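Following: one structure in structure tokens, then a few remarks.
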């Protein structure tokens with residue numbers, strides 16, 4: 001017997017005024033000082049063409065969270081940990097980077 005997972009995960013943009021409260025609920029109040037800078041550092045490691053900018057925060061319907069840069073750019077990304085190398089949209093790059101952080 002085969003079971004299909006048909007549960008769709010959706011995302012909701014976290015409004016700028018709600019970002020501190022949303023991340024504090026998930027990660028504690030140290031997120032802006034400790035975790036957020038780490039996210040940006042790893043972003044540069046995965047895609048050297050990344051040059052900074054504003055990031056959107058997203059809440060997922062499964063209680064997950066990810067961040068993605070507000071950039072209309074495709075990034076060449078590589079990850080030595082899993083041997084991936086390819087082109088990713090900014091949104092997919094942000095999501096994949098979040099998955100990598102779970103692994104780290």
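The values are calculated or read from the model by the stated rules, or taken from the named source; none is laboratory data. Given the structure is predicted, the values throughout are model-derived calculations rather than measurements. For neighbour counting, all protein chains shown are included, and Cβ atoms are generated from backbone atoms with ideal geometry for every residue, glycine included.
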The helices (runs of 4 or more DSSP H) lying entirely within the chain that contain at least 2 residues which are surrounded by fewer than 17 Cβ atoms within 10 Å (Cβ to Cβ) and over 15 Å from the mean Cα position of the chain (by Cα) are 19-27
Among 54, 58, which is the only one that is touching a strand residue (DSSP E or B) at 6+ places or on another chain (Cβ under 6 Å), closer than 14 Å to residue 94 by Cβ and modelled with pLDDT of 80 or more? 58
